[in-house]
Amino acid sequence: MRISKLAQAARLLRGAVVASLIGLPALAEDRPDLTVAVNTLPNSLESVEEQGNVAVRITYTLFDSLIRRDFLADGTGTSAVLVPGLAESWTRVDDRTMDFKLREGVKFHNGDELTTDDVAFSLVPGRGTGFNPIFGEAKTYMNTISHVIPLDRYNIRIVSKEPDILMEQRIAGYSFWIVNAREYLTVGYEAFRRKPVGTGPYKVEEWVDGEYLKLVAHDDYFGGKPTAASITYRVVPEVSARIAGLVSGEYDIAVNIPPDQVATIRSYDDLKVERIVLDNSHVLRLLPYGPLADKRVRQAISLGIDRKLLRDALWEGANYTPNGHQLPSYQMWVEEFPEFEYNPEKAKALLAEAGYNGEEIVYRLGLNYYLLSLEAAQAMQQMWQEIGLNVKLEPRENNSQASEAGVHILPWSNTHRFPDPLGSFVPQWGKDSGVQNNKEFPERTWNAPARFNELQDVLITSMDWEERRAAYAEALAIWNDEAVGTVLYNPLETYALRKGVNWKPYGLYYMDFRPYNLTFGDGSN
Amino acid sequence: MRFVAVKLLRSAVTMWLVITFVFVVLRISGDPTDILLPDDVAQEVREFYRVKWGLDQSLWQQYLAYWKALSTGDFGVSLRAGLPAWDMVMERAPKTLLLGLCGLAMALFIGIPLGVIAAQYQGSALDRGVMSFAVFGFSMPNFFLGIILILVFSLHLRWLPSSGSGTLAHLVMPAFTLGTAFAAQIARFTRSAMIDVSSRAYMRTARSKGAGPLRRVVSHAFPNAVVPIVTIIGLKVGELIGGAVVVETVFAWPGLGRLVTIAVANRDLALVQAILILIAATMILTNLIVDLMYGWLDPRVRDARNAAGHRREARA
């Protein structure tokens, strides 16, 4: 008995020595661990399954796409320049066809080399497109793909259903991240969504539901050795707790900081704030029925909004309102398109002309959905009162309660998923949109002028940039004139960081921790 | 036996009411596709999910389908996570239980002695001091106390982690926050129960037979005062399982309270139901245990029940 205990002790000791020796390389690790305090974690890391902001800020670090959108090309974080990703080059074969040459030697998290089989599998019908995909939302962005033909181990051809001038942008954007086919097929969807295998700079180490998700460096990353040893996303739902943890040194970055906390963070010497105006527009839907049936009333509503005052009061003047439903980062940005006008006198005249007599206009909004939307609504209610509009504010628990019968104005946001009207304007307001086809509330349907929808067809099918640009400018003008919606501003996203962390946010919710956008120390990146 | 059977029948009806009520309220007060999908998603995609989640069927069909699944022990699948609802609940339950029990222990540890002391020194400055604490502790909102603690112990002193649940140190502030309000309630109940028994005849007897103050409190007064305290603890245990929604959110404690908040906001029916069934079952069970404990703690209750049983038998 005694001997066996001794032997056991010896075994334990030996184990301890071996363990400490194995631990040596870890001790030699000179890269820091990064901890990010997030409001919540997604339920899945399958990149086509969850595409909300909570998910993409993590999955962007796990996967790469064939073509990469270089958000930092002009230093703004919103640039739309396309650069090689997993593909080192690509060529247009015709209007519907593109050939890609993959980088050689790119390693997945499990050690497999990237081949065209992985690309073909990632875009296969049944994953994100097709008759019964696991996730429907990807269809919106992937459905243009007809089929994929691997030409050899490193060359692959992608064919779209229709002529597609935006194919490069699509492939650089949502849903086109490449997964490891062997892993996916071996472990299955259920396991893969918890521990996916991509080519990104970090790989999943441990995920404790509701608590944290830990990623560790993928040292074979084709874009260079990751600069942090690990990244842990820790769930901290309460803003004040996120800030407190940042101050006390538990976290390095905290997300979703409301604008009114910026001054607090700046008051600490070792903290800083990174802000970005998102590729997203807060808009109002003006439902064309009842008191808003006359478009002059809708135009007056838009003319009565002092957008600059809203931006200054709510967003410290740090964001902007685009000129029309577009972004400056669009390749065909209509620079000369006029700003949204604030003109109370003109608004009053239009209301008089329309014979508006103080009929009640109901503005309903779901609470805690769009940042500062209640504050904006209260301010606008006052602005509208000054031009004689009788707007009643009705806050509700959620958006679906807000959109019940009897509402005339609804807040909405439009994300510009890629920098083109096809990334936002067409899907949100075009002829196939809910705005033009409201089955539940037919009276709210916008019967758009035929010309507006003809212009949309040009935007979708034309391969001529000048023709598209002219069509877009005309469509934007019709949209402003019809005033079934109007843009308020693009919101800001604010991150708080320790000063030693050099990292820049992007206009989409991606958090990019690739080596070129994450360094530590006093030097700035 | 009959007593337990009636209780169980009542419990089953309560359970049915809980499930039905939650089902109807959640279903008519928001569409999960509006809440779970991005706000600017295409109509076609919305329809896809309505069919996938069975929301295209009538409320009545959905209700029957839910019961049919439930009768086979299937609590359904969370819409948002795509995981079995019951598994998700069971994963979180231990954390909530740990926090709840620590909070309860802290409450008892602080509340009972304070209540006894206040009763002993009734009317004195000490009594007023303890009762002021009780009012303060009870009226202080959880989230406020929680944030104050974070400010002091995480931000300034840097002694304790501000949130999370990894170590024992993580447990201190949430358990204290949770325990404070409850301690205050227990102190008040203990005080009034102790004062109530202190004028009873058996206390005079104890004094006259020469028992010292400590012995009088511990052996004579407290056992008699314990019944109302057990009642309030019984009620609270159910609440503790329900999770300290606010405390769990402030301290990012990964328990049921946080899960249910998110699930309700998302109208994630299967998940909300699974949690509420667990909470209702715990409430019912603790009430049953408390009822049974009365008999054990107070022989008079047991005798009365037995006598009633005998009377019924005699009539039969």
Open item on the list: Please go through (1) at the interface with chain B (Cβ under 10 Å from one of its Cβ atoms); (2) open to solvent by 20 Å² or more (accessible area, probe 1.4 Å); (3) small (Gly, Ala, Ser) for A:GLY224 and return the number of the only condition it doesn't satisfy.
Closed with: (1)
TODO: For region A:281-294, enumerate the residues that are of a type in the set (A, V, I, L, M, F, W, C) and either within 27 Å of the chain's Cα centre (by Cα) or open to solvent by 10 Å² or more (accessible area, probe 1.4 Å) (or both).
DONE: A:VAL283, A:LEU284, A:LEU286, A:LEU287, A:ALA293
Task: Residues located in region A:418-459, provided they are in a helix (DSSP H, G or I) and among the charged types (D, E, K, R) - done: A:GLU443, A:ARG444, A:ARG451, A:GLU454, A:ASP457
Open item on the list: Here are the criteria: (1) modelled with pLDDT under 90; (2) in contact with a helix residue (DSSP H, G or I) (Cβ under 9 Å, 6 or more places away or on another chain). Tell me which single one A:ASN143 does not satisfy.
Closed with: (2)
Task: Any hit, region A:179-197, residues being away from every other protein chain (no Cβ under 14 Å), open to solvent by 30 Å² or more (accessible area, probe 1.4 Å) and touching a His at 6+ places or on another chain (Cβ under 6 Å) - done: no
Open item on the list: One residue is enough: does region B:61-69 have a residue meeting the conditions touching a residue at least 60 places away in the same chain (Cβ under 8 Å) and touching a helix residue (DSSP H, G or I) at 6+ places or on another chain (Cβ under 9 Å)?
Closed with: yes
- [ ] For residues that are outside any helix (DSSP H, G or I) and either away from chain A (no Cβ under 12 Å) or open to solvent by 70 Å² or more (accessible area, probe 1.4 Å) (or both), tally how many sit in region B:1-56.
- [x] 3
Open item on the list: Looking at A:VAL262, A:VAL239 in this structure, which one is more than 14 Å from every other protein chain (Cβ to nearest Cβ), under 30 Å from A:SER79 (Cβ atoms), surrounded by fewer than 21 Cβ atoms within 10 Å (Cβ to Cβ) and among the β-branched types (Val, Ile, Thr)?
Closed with: A:VAL262
Open item on the list: Just to verify a result, which residue in region A:82-112, among those that are acidic (Asp, Glu) and loosely packed, with under 13 Cβ neighbours inside 10 Å, is modelled with the highest pLDDT?
Closed with: A:GLU104
Task: Residue under evaluation A:GLY52, criteria (1) over 17 Å from the mean Cα position of the chain (by Cα); (2) small (Gly, Ala, Ser); (3) open to solvent by 20 Å² or more (accessible area, probe 1.4 Å), criterion not met - done: (1)
Task: Count of region A:265-280 residues which are in contact with a helix residue (DSSP H, G or I) (Cβ under 8 Å, 6 or more places away or on another chain) and open to solvent by less than 10 Å² (accessible area, probe 1.4 Å) - done: 2
Open item on the list: When you check B:LEU178 against the structure, is it crowded, with 21+ Cβ neighbours inside 10 Å, away from chain A (no Cβ under 14 Å) and modelled with pLDDT of 85 or more, yes or no?
Closed with: yes
TODO: Would you be able to say whether some residue in region A:313-330 is in a helix (DSSP H, G or I), buried (at least 21 other Cβ atoms within 10 Å of the Cβ) and touching a residue at least 60 places away in the same chain (Cβ under 8 Å)?
DONE: yes
Task: Failed item in (1) farther than 21 Å from A:ASP33 by Cβ; (2) within 12 Å of chain B (Cβ to nearest Cβ); (3) outside any helix (DSSP H, G or I), with A:SER175 passing the rest - done: (2)
TODO: Kindly indicate the residue of region A:396-409 that is in contact with a helix residue (DSSP H, G or I) (Cβ under 6 Å, 6 or more places away or on another chain) and of a type outside the set (D, E, K, R) and also surrounded by the most Cβ atoms within 10 Å (Cβ to Cβ) among those meeting that condition.
DONE: A:HIS408
Task: Subset of region A:505-525 (residues that are more than 15 Å from the chain's Cα centre (by Cα) and farther than 19 Å from A:LEU215 by Cα) - done: A:GLY521, A:ASP522, A:GLY523, A:SER524, A:ASN525
Open item on the list: Exactly one condition in (1) under 17 Å from A:PHE63 (Cα atoms); (2) part of a helix (DSSP H, G or I); (3) among the aliphatic types (A, V, I, L, M) is false for A:LEU246; which is it?
Closed with: (1)
Task: Residues that are among the hydrophobic types (A, V, I, L, M, F, W, C), closer than 30 Å to A:SER79 by Cα and more than 9 Å from chain B (Cβ to nearest Cβ), drawn from region A:411-464 - done: A:PHE418, A:LEU422, A:PHE425, A:VAL426, A:TRP429, A:VAL435, A:PHE452, A:LEU455, A:VAL458, A:LEU459, A:ILE460, A:MET463
TODO: Would you be able to say whether some residue in region B:268-275 is in contact with a strand residue (DSSP E or B) (Cβ under 8 Å, 6 or more places away or on another chain) and either part of a helix (DSSP H, G or I) or more than 9 Å from chain A (Cβ to nearest Cβ) (or both)?
DONE: yes
Task: Per-region count, region B:156-206, residues aromatic (Phe, Trp, Tyr), assigned to a helix (DSSP H, G or I) and within 29 Å of A:ASP209 (Cβ to Cβ) - done: 2
Task: Among the residues listed as B:VAL197, B:VAL264, the single one being within 13 Å of chain A (Cβ to nearest Cβ), farther than 16 Å from B:MET106 by Cβ and not aromatic (Phe, Trp, Tyr) - done: B:VAL264
TODO: Assess whether A:ALA300 counts as being open to solvent by 20 Å² or more (accessible area, probe 1.4 Å), hydrophobic (A, V, I, L, M, F, W, C) and either at pLDDT 95 or above or over 30 Å from the mean Cα position of the chain (by Cα) (or both).
DONE: no
Task: Exclusive hit being open to solvent by 30 Å² or more (accessible area, probe 1.4 Å), away from chain A (no Cβ under 14 Å) and either of a type in the set (D, E, K, R) or closer than 30 Å to A:SER433 by Cβ (or both), set B:LEU59, B:LEU101 - done: B:LEU59
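The values are calculated or read from the model by the stated rules, or taken from the named source; none is laboratory data. Computed from a predicted model, the values in this text were never measured in an experiment. Here the Cβ is made from the backbone with ideal geometry for all residues, glycine too, and neighbour counts use every protein chain on show. Accessible surface is based on the protein model in full, side chains and every heavy atom, while ligands, DNA and RNA are left aside. Shrake-Rupley method; radii C 1.70, N 1.55, O 1.52, S 1.80 Å.
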